[in-house]
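Participant: Sharing a structure, written as structure tokens. Questions coming.
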Amino acid sequence: MITLNDLIAATCGLLRQPGPHDFAGWSFDSRRTHPGELFVALVTATGDGHDHVADAVAAGAKGVLCQQPVSAPDGVAVVQVPDTTDALLAYARYVLAARRLPVVAVTGSSGKTTTKELIATILAQGRAVFRSPESFNGRLGLPIALGGLTPQHELAVLELAADSLGEIAEAARIVRPTVAVVTNVSDSHLTAFGSREAVAREKAALLDEVVPGGVAILNADDPLVRAMTSPASVARVRVGRAADADLRLVDVEGGWEGLRIRLREGAREVTLETSLLGEHQAQLVAQAAAAARWLGSPWDEIAAGVRAAAPLPGRMIALAGVEGSRLLDDSYSANPASVLAALDTLAALPVHGRRTLVLGDMSDLGALAVTWHERVGERAAQVADSLVTLGDLAARAGLAACRSGLSAEQVTLCHATGDAVAAARRGLGEGDVVLVKGSAESRMEEVVRALMAEPERAPQLLARQHAAFGQAHTAMPGRPAWLEIDMEAVAGNVRILRELIGPEVALMAVLKGDAYGHGAIRVGRTALNNGATALGVASLNEAVALRDAGIEAPILILGYLPPWEAREAVAQGIAVALYDRQVARALSRAAQDLGRPAVAHLKVETGMGRLGVQPEEVAGLVQEALGLPGLAIEGIFSHLATADEPDLSYARWQQARFERAIQAARAVGCRPRWVHLANSAATLRLPEARYNLVRPGIALYGLAPSAAVPLPEGMRPAMQFKCQVAQVRWIDAGASVGYGRSFVASQPTRVAVIPVGYADGFRRGPRNWGEVLVRGQRAPLLGNVCMDQTMIDVTAIPGVRAGDEVVLIGRQGQEAITAEDVAARLGTIHYEVISALLARVPRLS
């Protein structure tokens, strides 16, 4: 509970508007505000809470803590301070000092929340204990948590976390713990800390602030924790399996019912039972017991508290799964140590069927990201019968698992949640166990929900189920201009095309130009997971990138292959377009040199006027090719020039020429397995051109080939192009904007700078984008587009500020700018618009 008097005393804030004197707690997100709370308008790197005061009040907030003047209805208290973040910290410091409560503070790389809950549950057997809710443990989370402290509480159990240098020290100075618990140190938040040793130094800062006469409860089995120093006035209790541990972990027995843990304190031996799963959690139980013992809890209370402590959502909790399976939901977070511990648990539990790991990316591992994902994959190969990965880094674990013994059939690499769910469900049955693990950014709780036998219970049983999480970004892009690629859209588009063409026709997903700017590796895997059987690219380097990513599906180079690249194509098992004798001979030589076949698809030029053999020359080329050793003609194909135009007469004329080429090839003994002509437009509107393989490109990405060829219902664009406002300012009449002073203001104009330019593919000339969306309204571009920045006119759009989202392609509110809109403005086609977005723009999926 927060009192107005405490708030003003702690922060020296100004009461701008009177209101209630008591508040149920803090709210920092208008989407999660409950009646009676005090909304704090935080200003962070990702948003400004002042924009959401009205929403918070509408949700029931009875007070507002702000650093800028705000408007609120009568009866809502408004307190203004210079800085809301500093005010929260000041409040936390004040309220703990005023209440003079003993504090137990828990930190570590993993297990903090579970340990905090164990300690609080044990101590609550005989005392009124405040515990920080959920995982409110950082610089802002900790003071927000303390908003729930009431005068009735006798003791506080808090967890402290850090993702930046000095954060633990700052929190420790506020809480001044009586008992400090350090669970472990592992590779986590390495982007900030750089090394495990630096993580240890950060965690050890907690011990410096323990009050005289207090105690440090340390993991005796973790060398970096064991080595931590503390003031002479602070006692040290070492807990673990080590022979010199003060509270020794003697033995652990585990199963689906939980753990049975034997501890030795001096000459006394005690046994504790818990429903927590996984032997790694025995250490957390033991440290919780040690903290409670120091605070005077008898062993019978400790045993009762340990029995009463239930596993928390997303933290190694067993759930009933579909098809009689069991789920191990460990989806809340992930670092290498916690993933390896989860795999140990999966290996140790009795399982009567298959073991499956569904792994999302582990975030924030810095330069060790790839190394650690590969190590996890190697361990998964020892434990799991099948592995499903979700994300770019997790895919590295999947590839490592294949190198370590799992077959390609046992490993599925995914980039869409639906694909991961489908892969996990494949063959799932009675007695099978599925472990789901990943960092918060991977949103693996969505996988768990889809695999639950009772998904309607997800709000009560799973992590991150409140509405705000469904709308929040859990990871920020690598730069403030980015593409959002909806891989679920790609997956759905492929399935719709697959259904349209029927089971007798195969689908080759065309990934030219980095999958039209969408990311070839992600799209390629996603297309293959949803019914494509082959991939088409423009050049050898595009094909090799797919092979290097572990994609083994058939790949066809649809464009030019110089003879000197033939050897690499054959070595990589990549099919090439055959259009003249020189290529045929180069392929044959490469096949003989390497001792493996060279695969080609005969490319027929039927009326595009570009690469290919003329129909009347097919017989001669095919006869020579059939006589060359090592060369196999697997397919014959051509390309339509006008399949996306209203008049299909030329397309049908081309198809007739293609038919003659097919007959000519057959007449000299060539009967290719694959016959393909249809691009996206022909796939959608010319069933007779589908033969037994189609090659959709633009349609995969949810874009219609043209106005004459609409997409089937349910297909949707996969790409949005966004950035942020960098700066906003007024310019006077007569002031100019940009190179060449191509815009001179005729009146005072409010200009916003956005960090995107022609080096991103945001066209400068001869025509530019024209306008973008800000706050759901259209904002015209001003002046010439620069290499890295562009200026826009936001005079008519109220409230625009730095950090606001800007949409360049996509929807915002009721307005939308489509790739087709941009193409019309630029005088080109939408194919070029999306393919020309350059590699320095991060692709988020």
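The values are calculated or read from the model by the stated rules, or taken from the named source; none is laboratory data. Here the structure is a predicted model, which is why all the values come from computation and not from measurement. No Cβ is skipped: glycine too gets one built from the backbone with ideal geometry, and neighbour counts run over all protein chains shown. The protein model used for the area step is the full one, side chains on, heavy atoms only, and it has no ligands, DNA or RNA in it. Shrake-Rupley method; radii C 1.70, N 1.55, O 1.52, S 1.80 Å.
Participant: Scan the stretch 172-190 and tell me whether some residue there is in contact with a Gly (Cβ under 7 Å, 6 or more places away or on another chain), assigned to a loop (DSSP other than H, G, I, E, B), small (Gly, Ala, Ser) and modelled with pLDDT under 95.
Facilitator: no
Participant: Restricting attention to the stretch 811-821, does a residue exist that is within 23 Å of Gly738 (Cα to Cα) and in contact (Cβ under 8 Å) with a residue 12 or more places away in the chain?
Facilitator: Step one: list which residues in the stretch 811-821 are within 23 Å of Gly738 (Cα to Cα), which gives none.
Scanning the stretch 811-821, I find no residue that is within 23 Å of Gly738 (Cα to Cα) and in contact (Cβ under 8 Å) with a residue 12 or more places away in the chain, so the answer is no.
Participant: Moving on to the next point. Just checking, does the stretch 666-673 include any residue being at pLDDT 95 or above, among the hydrophobic types (A, V, I, L, M, F, W, C) and surrounded by 20 or more Cβ atoms within 10 Å (Cβ to Cβ)?
Facilitator: No, there is no match, as no residue in the stretch 666-673 is at pLDDT 95 or above, among the hydrophobic types (A, V, I, L, M, F, W, C) and surrounded by 20 or more Cβ atoms within 10 Å (Cβ to Cβ).
Participant: Of Leu528, Leu540, which residue is in contact (Cβ under 8 Å) with a residue 12 or more places away in the chain, under 22 Å from Val694 (Cβ atoms) and of a type outside the set (Val, Ile, Thr)?
Facilitator: Numbers: Leu540 fails: under 22 Å from Val694 (Cβ atoms).
Of Leu528, Leu540, the one residue that is in contact (Cβ under 8 Å) with a residue 12 or more places away in the chain, under 22 Å from Val694 (Cβ atoms) and of a type outside the set (Val, Ile, Thr) is Leu528.
Participant: Does Thr150 satisfy the criteria of being hydroxyl-bearing (Ser, Thr, Tyr) and open to solvent by less than 20 Å² (accessible area, probe 1.4 Å)? I'd like the intermediate steps shown before the answer.
Facilitator: Details: hydroxyl-bearing (Ser, Thr, Tyr): yes; open to solvent by less than 20 Å² (accessible area, probe 1.4 Å): no.
The answer is no for Thr150.
Participant: Another one. What are the residue pairs meeting all of these: first residue in the stretch 761-776, first residue on the phi > 0 side of the Ramachandran plot, second residue surrounded by 18 or more Cβ atoms within 10 Å (Cβ to Cβ) and of a type in the set (Asp, Glu), Cβ atoms under 6 Å, and 6 or more apart or on different chains?
Facilitator: If the second residue must be surrounded by 18 or more Cβ atoms within 10 Å (Cβ to Cβ) and of a type in the set (Asp, Glu), no pairs are left.
Participant: For the stretch 7-53: of the residues being part of a helix (DSSP H, G or I) and open to solvent by less than 30 Å² (accessible area, probe 1.4 Å), which is nearest to Ile174 (Cα to Cα)? Before you say what the answer is, go through the steps one by one.
Facilitator: From the stretch 7-53, those part of a helix (DSSP H, G or I) are 7-11, 30-32, 49-53; that's our starting set.
Among the residues that remain, those that are also open to solvent by less than 30 Å² (accessible area, probe 1.4 Å) are: 7, 10-11, 30, 49-50, 53.
Working: Leu7: 16, Ala10: 13, Thr11: 14, Ser30: 27, Gly49: 24, His50: 26, Val53: 28 Å.
Going through the qualifying residues, I end up with Ala10.
Participant: Oh, and also: Suppose we keep only residues that are among the hydroxyl-bearing types (Ser, Thr, Tyr) and out of contact with any Ser or Thr (no Cβ under 9 Å at 6 or more places or on another chain) within the stretch 527-575. Which one would you say is nearest to Pro717 (Cα to Cα)?
Facilitator: Let us first name the residues in the stretch 527-575 that are among the hydroxyl-bearing types (Ser, Thr, Tyr), namely 533, 539, 560.
Cutting the leftovers down to out of contact with any Ser or Thr (no Cβ under 9 Å at 6 or more places or on another chain) gives us 533, 539.
Details: Thr533: 22, Ser539: 25 Å.
Among them, the one singled out is Thr533.
Participant: Here is a list of conditions, (1) of a type outside the set (A, V, I, L, M); (2) in contact with a helix residue (DSSP H, G or I) (Cβ under 8 Å, 6 or more places away or on another chain); (3) farther than 23 Å from Ser186 by Cα; (4) open to solvent by less than 40 Å² (accessible area, probe 1.4 Å), and Gly360 meets all of them except one; can you say which number that is?
Facilitator: (3)
Participant: Against the condition part of a helix (DSSP H, G or I), under 43 Å from the mean Cα position of the chain (by Cα) and in contact (Cβ under 8 Å) with a residue 24 or more places away in the chain, how does Leu703 come out, does it pass?
Facilitator: Values: part of a helix (DSSP H, G or I): no; under 43 Å from the mean Cα position of the chain (by Cα): yes; in contact (Cβ under 8 Å) with a residue 24 or more places away in the chain: yes.
It is false that Leu703 is part of a helix (DSSP H, G or I), under 43 Å from the mean Cα position of the chain (by Cα) and in contact (Cβ under 8 Å) with a residue 24 or more places away in the chain.
Participant: Just give me the residues in the stretch 717-752 being of a type outside the set (A, V, I, L, M, F, W, C), within 36 Å of the chain's Cα centre (by Cα) and surrounded by 13 or more Cβ atoms within 10 Å (Cβ to Cβ), in sequence order.
Facilitator: First, the residues of the stretch 717-752 that are of a type outside the set (A, V, I, L, M, F, W, C): 717, 720, 722, 724, 727, 729, 732, 734, 736, 738-742, 746-750.
The next check asks that each one be within 36 Å of the chain's Cα centre (by Cα); those that pass are 717, 720, 722, 724, 727, 729, 750.
Across the stretch 717-752, the qualifying residues are Pro717, Gln720, Lys722, Gln724, Gln727, Arg750.
Participant: Those residues that are open to solvent by less than 10 Å² (accessible area, probe 1.4 Å) and either at pLDDT below 95 or at positive phi (or both), I need them from the stretch 517-560; list them, please.
Facilitator: Gly517 - this is the single residue of the stretch 517-560 that is open to solvent by less than 10 Å² (accessible area, probe 1.4 Å) and either at pLDDT below 95 or at positive phi (or both).
Rundown of residues vs (1) at pLDDT below 95; (2) surrounded by fewer than 23 Cβ atoms within 10 Å (Cβ to Cβ); (3) of a type outside the set (Val, Ile, Thr), yes/no style:
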position: Leu65; (1), (2), (3): no, no, yes
position: Val70; (1), (2), (3): yes, yes, no
position: Pro82; (1), (2), (3): no, yes, yes
position: Leu88; (1), (2), (3): yes, no, yes
position: Tyr91; (1), (2), (3): yes, no, yes
position: Thr115; (1), (2), (3): no, no, no
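Participant: Please specify each residue of the stretch 500-516 satisfying the condition of being in a loop (DSSP other than H, G, I, E, B) and open to solvent by 10 Å² or more (accessible area, probe 1.4 Å). Before you say what the answer is, go through the steps one by one.
Facilitator: Taking the stretch 500-516 first, the residues in a loop (DSSP other than H, G, I, E, B) are 502-505, 511.
Listed by number, the residues that qualify are Gly502, Pro503, Glu504, Val505.
Participant: Here is a follow-up. Among the numbered criteria (1) farther than 21 Å from Asp580 by Cα; (2) of a type outside the set (Ser, Thr, Tyr); (3) free of Cβ contacts under 8 Å to residues at least 12 places away in the same chain; (4) in a loop (DSSP other than H, G, I, E, B), which single criterion is violated by Ala656?
Facilitator: Going through the list (1) farther than 21 Å from Asp580 by Cα; (2) of a type outside the set (Ser, Thr, Tyr); (3) free of Cβ contacts under 8 Å to residues at least 12 places away in the same chain; (4) in a loop (DSSP other than H, G, I, E, B), Ala656 breaks only (4).
Participant: Hey, another quick one. Picking from Leu295, Leu312, Leu328, which residue would you name as being at pLDDT below 95 and not small (Gly, Ala, Ser)?
Facilitator: On the way: Leu295 fails: at pLDDT below 95; Leu328 fails: at pLDDT below 95.
Step by step, each of Leu295, Leu312, Leu328 is checked, and only Leu312 is at pLDDT below 95 and not small (Gly, Ala, Ser).
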